[in-house]
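One structure is given here, and the rest of the page talks about it.
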């Protein structure tokens with residue numbers, strides 16, 4: 001359940017800055033803010049910047065020379081009575097103002113609690129709420145475009161139209177079930193199947209668009225694969241510019257997939273270090289299986305080959321790499337300029353993690369591949385965004401297909417109606433019209449505090 005007590009949090013990024021915003025929301029926050037500003041005799045006009053001195057409610061010590069904006073109930077982001085203090089951006093100043101608010105009766109907001117209150121008050125639906133988080137985490141222009149469209153209600157309208165389409169079908173079936181004994185009331189099965197096919201097509205297109213756009217929105221997955229001791233972990237650490245993976249001279253050190261987030265040319269990627277590919281059993285065999293699965297699921301596959309021995313080209317398991325890197329150039333006297341390809345059976349980039357040969361060129365080539373993945377796969381006609389929404393759409397599609405199968409098999413109409421109701425409920429999970437508190441908790445736990 002969403003409480004209505006007064007909450008407070010920093011609404012701007014933590015750290016030093018020119019300005020910082022402290023946000024309050026909840027019934028009674030206007031009077032609380034007035035108590036912190038002795039110069040205010042009453043609540044000023046809403047949405048008007050007012051200069052104030054904020055003081056500690058206990059000692060009376062002056063905390064900041066700031067401005068404040070009051071928002072009335074029903075006319076704020078949360079839909080509640082709200083206040084925003086625009087303060088100087090020093091961390092101590094902002095901490096002092098937040099502490100003063102808590103001393104006056106507010107409590108610290110939970111992650112995403114402001115946005116959750118906006119959903120509870122009807123200011124946003126769950127799709128729009130998730131767009132707020134998506135916009136805050138956006139790492140490219142495409143994601144910003146998607147987030148702004150969703151925040152503006154474009155996706156919500158599509159989901160509502162699809163859900164309404166299924167509701168109309170169900171309503172027609174319900175009438176038939178109510179008058180099942182009347183010989184003149186029947187369901188036109190061919191028409192019903194055609195309508196279900198139309199809904200199935202819309203959902204399938206939505207799923208395809210979401211899957212194609214995933215790299216741009218959630219980050220491009222880049223997998224480093226190759227034979228044991230090919231230099232994958234060293235390259236992984238070099239790209240991250242930190243010792244994240246263990247590097248040892250003996251083969252088989254990496255036994256599982258190691259994942260780290262990295263920003264490359266302004267785009268968020270998920271870099272994967274994998275176990276060496278060779279015939280193995282036991283724990284190492286499980287690691288190899290996971291490495292192959294990671295490579296298959298990755299958007300970009302980088303085959304790392306020990307340039308000193310040219311081992312590992314055939315150990316890739318039949319998966320076609322997008323880029324080949326010949327490692328350990330410092331041991332075999334490779335191209336020290338880092339801008340040429342090594343001649344041989346398979347073209348690739350020459351690199352050394354010891355002296356840095358080729359690492360700059362590797363980043364350039366990865367950036368080009370990432371840009372290609374995003375631009376060729378990105379779709380603007382998105383019905384859902386993110387794994388939660390996609391999972392719910394998959395579930396809805398499954399139940400609509402089940403309803404169609406029931407009708408096609410001449411099964412009782414009430415059985416097909418059960419599946420159709422379930423599909424409608426799954427679509428409601430996307431927008432939040434029929435969603436459990438547990439799901440709401442999980443959605444908003446991913447938000448930052450202050451959103």
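The values are calculated or read from the model by the stated rules, or taken from the named source; none is laboratory data. Because the structure is a prediction, the values reported are computed rather than measured. Reconstructed Cβ throughout: ideal geometry from the backbone, glycine too, with neighbour counts over all protein chains shown.
Miscellaneous remarks
- A residue that is in a loop (DSSP other than H, G, I, E, B) and crowded, with 24+ Cβ neighbours inside 10 Å occurs somewhere in the stretch 81-104.
- Considering the conditions (1) under 14 Å from residue 114 (Cα atoms); (2) surrounded by 20 or more Cβ atoms within 10 Å (Cβ to Cβ), residue 64 is excluded by exactly one of them, (1).
- Qualifying residue in the stretch 28-44 (condition: touching a residue at least 12 places away in the same chain (Cβ under 8 Å), within 25 Å of residue 124 (Cα to Cα) and assigned to a loop (DSSP other than H, G, I, E, B)): yes
- Of all residues in the stretch 41-58 being out of contact with any strand residue (DSSP E or B) (no Cβ under 8 Å at 6 or more places or on another chain) and under 17 Å from residue 103 (Cα atoms), the one that is surrounded by the fewest Cβ atoms within 10 Å (Cβ to Cβ): 58
- Among the residues of the stretch 119-138, those that are under 20 Å from residue 384 (Cβ atoms) and over 11 Å from the mean Cα position of the chain (by Cα) comprise 119, 124, 125, 126, 127, 128, 129.
- Any hit, the stretch 334-344, residues being surrounded by 14 or more Cβ atoms within 10 Å (Cβ to Cβ) and either part of a helix (DSSP H, G or I) or modelled with pLDDT of 80 or more (or both): no
- Checklist (1) outside any strand (DSSP E or B); (2) more than 20 Å from residue 114 (Cβ to Cβ) applied to residue 52, failing item: (1)
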